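Just so it is clear, none of the values below were taken in a lab; they were calculated from the coordinates. Every value quoted in this text rests on a predicted model; they were computed, and no experiment measured them. A quick note on method: Cβ atoms are made from the backbone with ideal geometry, for glycine too, and the neighbour counts reach across all protein chains shown.
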Amino acid sequence: MSQLRPIDAWYLHHDEPNRSCLQFLREYILAQDDHLTEAWKYGMPFFCYDKKMCCYLWVHRKLLQPYIGFVEGASLHDPDLIQEKRARMKILLLNPGKDIPRKQIKGLLRQMLLLYK
């Protein structure tokens, strides 16, 4: 019997509805471009474009809501992106109890991919 990879265990570790939200985001991000790959870095799931880290998934410590963190978030434009105390990264906080804003996420991922291409 094979053991789960740390990245797979991370997704399963979360309770619902965060688990389903994070698993959807994982698949949705990877489906946006053939050059996007998944990696386990710094104890979190990262997504890389041609081996360059571009975004990651995490759960907000205080709000307990999933979010997408964009490495070059300072270069992305969307009123819902939050900078907090980060220098270049911004996050898009998601409410797992509501519909996932697919169009908004797709637009942000397109902006992100343009920076890496």
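The alpha carbons of the range 52-117 give a radius of gyration and a Dmax of 11.4, 34 Å, in that order. Within straight cross-link reach of residue 98, meaning Cα distance under 22 Å, which lysines are found once same-chain residues fewer than 8 apart are removed? The qualifying lysines are 62, 90, 106. Per-residue Karplus couplings for the range 52-66, computed as 6.51 cos²θ - 1.76 cosθ + 1.60 with θ equal to phi - 60°, are listed in order as 9, 5, 10, 7, 8, 10, 7, 10, 4, 4, 8, 7, 6, 10, x Hz, Gly and Pro entered as x. Computed on the chain, with alpha-carbon pairs under 8 angstrom and 6+ residues apart, the relative contact order is 18 percent. For the chain, pairs of C-alpha atoms spaced more than 18 angstrom apart make up 49 percent of the total. Diffusion coefficient of the range 23-90 by Stokes-Einstein, Kirkwood radius over Cα pairs, 20 °C, 1.002 mPa s: 170 µm²/s. What FRET efficiency do you get for residue 75 and residue 99 if R0 is 30 Å and r is their Cβ-Cβ distance, rounded to the nearest 0.05? So, using R0 = 30 Å, E works out to roughly 0.65.
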